[in-house]
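What follows is one structure encoded as structure tokens, with my remarks underneath.
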Amino acid sequence: MNPLSRTLAALTLAGALLTPAASAVSLTLDGQPLPVEDPIVCENTTYVPLRSALEVLEPSAQIAWAIDRAVALFPDFTLTACPGSYTIFQDSTPIPLTAPVLLNAGRTLVPIRPLAALLGLEVTWDSQTSTVSLTSPTPAWREDELYWLSRIISAESQGESWEGKIAVGNVVLNRVASPDFPDTIYGVIFDDRWGGQFEPVRNGTVYQEPTEESVRAAIACLEGERIVGDSLYFLAPHLTDNHWTMENRTYITTIGAHWFYK
């Protein structure tokens, strides 16, 4: 028996292959039909093909098949799903399932509830219409806040890591919370004291469309992710002749090209 046959035989014995008892189900996201291919209900569990679901719900995720499991690479974590298993993994953290991962026609099917939870979505079930409704969480921030925070992160953090982008966003939000600076994101970014606070405002790059990663970083900052404490200042020493911050503020840390101070 070749390796593929042995794998399929093992999956059959493990109950991972789809059985004829499956029935169709509809999906919606925030009240709109969700174009995921062939979602099903099997043994009282709603399943979705992992690749098809993520193409709609998280287009930035990259899906691959590694020997005997599906691997989804997200910007900030990796999801692993092995057909036949009652566990999926977020990086090395196990997430227990009440029903196994399935394999059908070469597609990996996962229960919708744990996948939705990883993506921050709420799930409700309507038995009368056989509809699973996914609901996005209500953001604790306004669209204009995301608009400007993502742009200043993108303009200030070109070539920086995820941590570097989060750190820049932290400084902006720390200033909003500080009595020494304006109390809005827009006000902080366009604070024109001392000739302006941010170079991207002076050179106009703050108006450019932000990168997708910068938008995600802005959302993470607005939702509370923090890595530079109470830092109120940052600079790239090799790109400026103005070292007032280095001479007058308390150094916190260095991330990429930026030095952070409070």
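Strands (runs of 3 or more DSSP E) wholly in segment 45-154 with at least 3 residues that are surrounded by fewer than 18 Cβ atoms within 10 Å (Cβ to Cβ) - which ones? Break it down stepwise before answering.
Details: elements: 45-49, 62-66, 69-73, 78-81, 87-90, 93-96, 102-104, 107-111, 122-126, 131-135.
Counting at least 3 such residues, we get 62-66, 87-90, 93-96, 122-126.
Write out, first by first residue and then by second, each pair whose Cβ atoms fall under 8 Å of each other, whose residues are 6+ apart or on separate chains, and whose first residue, in segment 165-178, is under 13 Å from PHE198 (Cβ atoms) and in a helix (DSSP H, G or I) while the second is open to solvent by 20 Å² or more (accessible area, probe 1.4 Å) and of a type in the set (D, E, K, R).
Between residues of segment 165-178 that are under 13 Å from PHE198 (Cβ atoms) and in a helix (DSSP H, G or I) and residues that are open to solvent by 20 Å² or more (accessible area, probe 1.4 Å) and of a type in the set (D, E, K, R), the close pairs are VAL168/GLU156; VAL168/GLU160.
Quick check on segment 226-262: of everything there that is among the aromatic types (Phe, Trp, Tyr) and assigned to a strand (DSSP E or B), which residue is farthest from VAL172 (Cα to Cα)? Explain how you work it out, then say what you get.
Step one: of segment 226-262, the residues among the aromatic types (Phe, Trp, Tyr) are 233-234, 244, 251, 259-261.
Next, from what is left, pick out any that are assigned to a strand (DSSP E or B): 233-234, 251, 259-261.
Values: TYR233: 9, PHE234: 10, TYR251: 17, TRP259: 15, PHE260: 12, TYR261: 13 Å.
Taking the candidates together, the pick is TYR251.
Can you name every residue in segment 230-247 that is within 19 Å of PHE181 (Cβ to Cβ), modelled with pLDDT under 95 and not aliphatic (A, V, I, L, M)?
ASN242, TRP244, THR245
Would you check which residues across segment 67-112 are in contact with a helix residue (DSSP H, G or I) (Cβ under 8 Å, 6 or more places away or on another chain), within 30 Å of SER214 (Cα to Cα) and at pLDDT 95 or above and list them?
ALA70, ALA72, LEU79, ALA81, ILE88, GLN90, ILE95, VAL110, ILE112
Restricting to segment 185-224, name every residue that is in a loop (DSSP other than H, G, I, E, B), modelled with pLDDT of 95 or more and loosely packed, with under 15 Cβ neighbours inside 10 Å.
GLY204, GLN208, GLU209
Of all the residues that make up segment 229-258, how many are in contact with a helix residue (DSSP H, G or I) (Cβ under 8 Å, 6 or more places away or on another chain), without any contact (Cβ under 8 Å) to a residue 60 or more places away in the chain, open to solvent by less than 30 Å² (accessible area, probe 1.4 Å) and farther than 13 Å from GLY164 by Cα?
Summing the residues that are in contact with a helix residue (DSSP H, G or I) (Cβ under 8 Å, 6 or more places away or on another chain), without any contact (Cβ under 8 Å) to a residue 60 or more places away in the chain, open to solvent by less than 30 Å² (accessible area, probe 1.4 Å) and farther than 13 Å from GLY164 by Cα in segment 229-258 gives 1.
The values are calculated or read from the model by the stated rules, or taken from the named source; none is laboratory data. Everything numeric in this text was worked out from a predicted model, so none of it was measured. Glycine gets a Cβ as well: all are built from the backbone with ideal geometry, and neighbour counts include every protein chain shown. Calculation scope for accessible area: heavy atoms of the full protein, side chains included, ligands and nucleic acids excluded. Shrake-Rupley method; radii C 1.70, N 1.55, O 1.52, S 1.80 Å.
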